[in-house]
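Chemist: Here's a structure for you.
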Amino acid sequence: MNEIHKELLKVAGDMTASKERVKKHVLQQSINRRKPFRFTLLTVVLTLCMAGFVMVQLLTNEPKQTSSLFHERQLEHFERINQTMWPGKEQEFYKEESYLSYEKLVAAYYFATSLGIDYSKAELEMERKKQVEQLEMLYQSSEYEALFQGLAPKQYVETFLEPLLPMYTTRTKLYALYKEKYPTFYAYQEVANIDAKRYFQAHYTEQATAFQKEHNIVIRTSSHGASMVGTVAKVESNVFLFIEGVIPENLEHMTEEQLSEKYEQADWYPVLDEFPVEQGDYITLTSMGTGSIEEDGVVRKYGLLSKLEKLEPTVTRILELENDKEVAEFLHDIPWKTANYMKRPPDYSFEIEGVRIEMWRGYGGSLYLQKVGSGEIQLSASRAKELKAILGIED
């Protein structure tokens, strides 16, 4: 990306989830953990974040429910930039991407204002100056002539960006607040965005839906995330280590390094105010995406979540054996293979000769067994039936 494109991104605002969301809903996907790379805010990509407000709204501290949350002028501006960055797309694409960018900044502003975040005239002037300087860099390139359409940078700010300056200023301060709140969590800005979206949906969904309907905007992409079940392995003030597919018993005899090595899906998530957790909690969470960052040779995996619920670890039935010898004989000649990672908790678990065996129900009555820290095997339906009889499991 050349410097001109970088400046266009600055003018457009901090966008972090639009283009890649169109590409297979990236916030629901995990990046390759075997080859760590810079965790650029969980898919920082070319996205354009702006919002339009009536000036009276922007210059007051109280967010009010009104039908004027969005403006055609700002939507037009978004579409111009989207068309410049991604030429040749369908009009529906530009409408959707522009609106999503627009709403993201609107949500950040209203959420920040609800927290009492304010701005000064001096901060507003600094933002105006920054926007003009960034536009001046773009103005020098004929590549962006269609964006300006005859307007000089200062005129462009007056026409499109003047109502948005309080938005950028306020959001910057919101991000600073979240950086203090999550000093060890790299994607703190995205945590702020998720909290802002949740707040916005709770208070302004009706107005947002009305604007979408008025302008024939169809939101086709999904941001619901992926549901996962696992255990809180560790808590460090404002972040916790979550391991998918692990039951609390897994934590008793394994170190953090052993857990991370065995279970690939081990990621650090932020501790949200409304979802406090403790080590050993068995939970289900909605993950909005994961990634990793390498610092000083150490790789840390991160994830984002939108909601969390504590569970009773009843999904795994702990078997108390009364016929250890018979079970041991059945398992003795099994050709265990290298264990693969399972992304869901086992259906059954028991200990034999000091080693825990975990079992999953398979297709057609089969059973999938893993010897913790050792190996695995899949039993056919007939062999699985034998083992179930020995263990006293009724289908």
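Chemist: I'd like the full set of residues that are more than 28 Å from the chain's Cα centre (by Cα) and at pLDDT 50 or above, limited to segment 45-70. Let's see the steps before the verdict.
Modeler: If we filter segment 45-70 for residues that are more than 28 Å from the chain's Cα centre (by Cα), which is where we start, we get 54-62, 64, 66-68.
Of everything in segment 45-70, just one residue is more than 28 Å from the chain's Cα centre (by Cα) and at pLDDT 50 or above, namely 68.
Chemist: Please determine, by comparing only the residues of segment 155-213 that are part of a loop (DSSP other than H, G, I, E, B) and open to solvent by 20 Å² or more (accessible area, probe 1.4 Å), which one is modelled with the highest pLDDT.
Modeler: Ranking the candidates gives 183 first.
Chemist: Pairs please, first residue from segment 69-81 and farther than 16 Å from residue 144 by Cα and open to solvent by 30 Å² or more (accessible area, probe 1.4 Å), second anywhere and in a helix (DSSP H, G or I) and among the hydrophobic types (A, V, I, L, M, F, W, C), Cβ atoms under 9 Å, 6+ apart in sequence or on different chains.
Modeler: Partner pairs satisfying both residue conditions: 73/160.
Chemist: crowded, with 24+ Cβ neighbours inside 10 Å and in contact with a Lys or Arg (Cβ under 7 Å, 6 or more places away or on another chain) - does that describe any residue in segment 95-104?
Modeler: No, every residue in segment 95-104 fails to be crowded, with 24+ Cβ neighbours inside 10 Å and in contact with a Lys or Arg (Cβ under 7 Å, 6 or more places away or on another chain).
Chemist: For segment 221-240, give me the residue count where each residue is open to solvent by less than 30 Å² (accessible area, probe 1.4 Å), farther than 20 Å from residue 316 by Cβ and hydrophobic (A, V, I, L, M, F, W, C).
Modeler: Taking segment 221-240 first, the residues open to solvent by less than 30 Å² (accessible area, probe 1.4 Å) are 221, 225, 228, 230-233, 238-240.
Within this subset, residues satisfying the condition of being farther than 20 Å from residue 316 by Cβ are 221, 225, 238-240.
Narrowing the set further to residues that are hydrophobic (A, V, I, L, M, F, W, C) leaves 239-240.
Within segment 221-240, residues that are open to solvent by less than 30 Å² (accessible area, probe 1.4 Å), farther than 20 Å from residue 316 by Cβ and hydrophobic (A, V, I, L, M, F, W, C) number 2.
Chemist: Would you say residue 218 is open to solvent by less than 50 Å² (accessible area, probe 1.4 Å) and not in a helix (DSSP H, G or I)?
Modeler: On the way: open to solvent by less than 50 Å² (accessible area, probe 1.4 Å): no; not in a helix (DSSP H, G or I): yes.
Here the answer is no, as residue 218 does not meet what is asked.
Chemist: Let me ask something additional. Return yes when residue 114 is small (Gly, Ala, Ser) and either surrounded by 17 or more Cβ atoms within 10 Å (Cβ to Cβ) or touching a residue at least 24 places away in the same chain (Cβ under 8 Å) (or both) and no when it is not. Before the answer, list the steps.
Modeler: On the way: small (Gly, Ala, Ser): yes; either surrounded by 17 or more Cβ atoms within 10 Å (Cβ to Cβ) or touching a residue at least 24 places away in the same chain (Cβ under 8 Å) (or both): yes.
Yes: the conditions hold for residue 114.
The values are calculated or read from the model by the stated rules, or taken from the named source; none is laboratory data. What you are looking at is a predicted structure, and each value in this text was computed from that prediction instead of being measured. Reconstructed Cβ throughout: ideal geometry from the backbone, glycine too, with neighbour counts over all protein chains shown. Note: areas computed on protein heavy atoms with side chains; ligands, DNA, RNA excluded. Shrake-Rupley method; radii C 1.70, N 1.55, O 1.52, S 1.80 Å.
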